[in-house]
Amino acid sequence: MTTNFAILEDDHFHDHCGVFGVFGHEEASKLAYLGLYALQHRGQESAGIVSSDGADLHLHRAMGEVEEIFTPPVLANLPGNLAIGHTRYSTAGDKALLNAQPIMIDCNKGKVALGHNGNLTNAAEWRRRLEHRGSIFQTNSDTEVIVHLLARSQARNLSGALGDALNQVEGAYSLLVLTPDELYAVRDPRGFRPLNLGKLGDAWLVASETCAFDLLNAQYVREIEPGEMVRISRSGIESIHFAPEKPHQQCIFEHVYFSRPDSIIFGRSVNESREKLGRLLAQQYPVDADLVVPVPDSGVPAAVGYALESGIPFRMGLIRNHYIGRTFIEPSQAIRNFGVKLKLNPIRGLLEGKRVILVDDSLVRGTTSRKIVRMVREVGAKEVHVRISCPPTISPCYYGVDTPTREELIASSNSPEEICKFLGADSLGYVSLANLKQAVADIEGDYCTSCYTGVYPTDLVQLEVREMGTTGTFAGSTSAELDENAKACRVEEGAAERPVAVEHEN
């Protein structure tokens, strides 16, 4: 029998990474390990921890997941009461250990380690300039641009040099910086990515998400503000506003998918936002059905909200296998939808003969959703109605999210009617952008919605953005495949209204 190694498909967006910092705890590296464990969902490619014993920095990085990397012997070699950790899923640069973080350097500002969540939109321009001036880069990561700008700063102290460096870059950064005796937590002026401050006894903690504090029975203190640099030292905690104020652009997709439901992000409960999205989705696109079934795990809170609002029973009709890696061995004899079946299995007794509402948080390429719809039909579902708790995603993200190209995004060149046909569903409904903003209480326009509008908030994003049409074809799909699904498929009223991508003026 031929052994065939295949990549397990995952048709969601992926966040860039998660960061966690500790100041003033005798088991700092162990707390950093546990913090990264709670943030594992933000990146599974590589992880690293840097600790400080007050005189020197100690680094360990490796490819893989947190639990695999940080064994007791490894943690024993990370001494001290200060530490920062990073777990990574690359959005730019090669998937290799050289790009793993934190980055550690010894320069004219002393020994410094950095961990970065986000993406710098002018990194390539700065890299060219710095190389022309003689800088030698060791990685493909945009974070290294900050390192070189930091070293070149004429400021006398690290906080000044860090401010100098960050005021020259553009884009998204939630940044942790460690020295032998200080910890800095910095958030970009637009506040794209989250960063939170916590307390455990006398120790200070910093994390991408508050769920990491919960694991340690730590107290959530507050959010690091956009444009704020928090300096933590033996003298206490100091807040420095290092950059001119800019309109806030918090990533709305943190509330749709990225963050864990048990986190507080941008000052708001993620679970509350997702349940509200489900309720608004039920109001916007009601349908006569027997069951509301989430696509686990990320579709669960919105499905709960949809069921509560509609009065239709909620059932876990799809069971997820949590014990699979990114690759698997496939039998030589092909099994239809094998990759999805390995991850999800429908319960025939629940779904057979039923009119089913499938709720998911997003629809990216549509390939996985199509297979799920087919699986549900194969176990005897009478009808399958798909509901998505975010608007159609028409544009890539350039602020720290791993997204497909615009051409790969199914909604960028296909109408909701065409997408419904491709999925093989009886109906399709996306939550509107107005309802998404309502669900996260975006009264002041503080959220970035570029992936839904094609309008980007920064001046240095170089894009080829064209006006989106309402017709098109799916990558890898033939007209015959589309015709196969041309059953009685209706799109709810108003679903065809889609934003048009507009080129941002540079």
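Throughout, read-outs are computed from the coordinates displayed, never taken from laboratory work. Source: prediction; values computed, not measured.
Per the Cα gyration tensor, the stretch 83-148 maps to an equivalent ellipsoid with semi-axes of 18, 16, 10 Å, ordered largest to smallest. Couplings for the stretch 352-368, taken from phi via the Karplus curve 6.51 cos²θ - 1.76 cosθ + 1.60 with θ = phi - 60°, read 4, x, 9, 8, 10, 9, 8, 10, 10, 7, 7, 9, 9, 8, x, 5, 5 Hz in order; Gly and Pro are left as x. Looking at the calculated P(r) for the stretch 145-190, what percent of the C-alpha pair distances fall above 15 Å? Cα-Cα pairs of the stretch 145-190 separated by over 15 Å account for 40 percent.
Pairs exceeding a 29 Å alpha-carbon distance, out of 111/246; 199/437; 246/437: 111/246; 199/437.
The convex hull around the C-alpha trace of the stretch 36-111, projected and averaged over every direction, spans 5.5 square nanometres. Expressed per residue, the C-alpha convex hull volume of the stretch 180-317 stands at 118 Å³. Mean separation of Cα pairs under 8 Å and 6 or more residues apart, divided by the residue count, gives the stretch 115-255 a relative contact order of 21 percent. Take the Kirkwood radius over Cα pairs of the stretch 11-148, plug it into Stokes-Einstein at 4 °C and 1.567 mPa s, and you get 85 µm²/s for translational diffusion.
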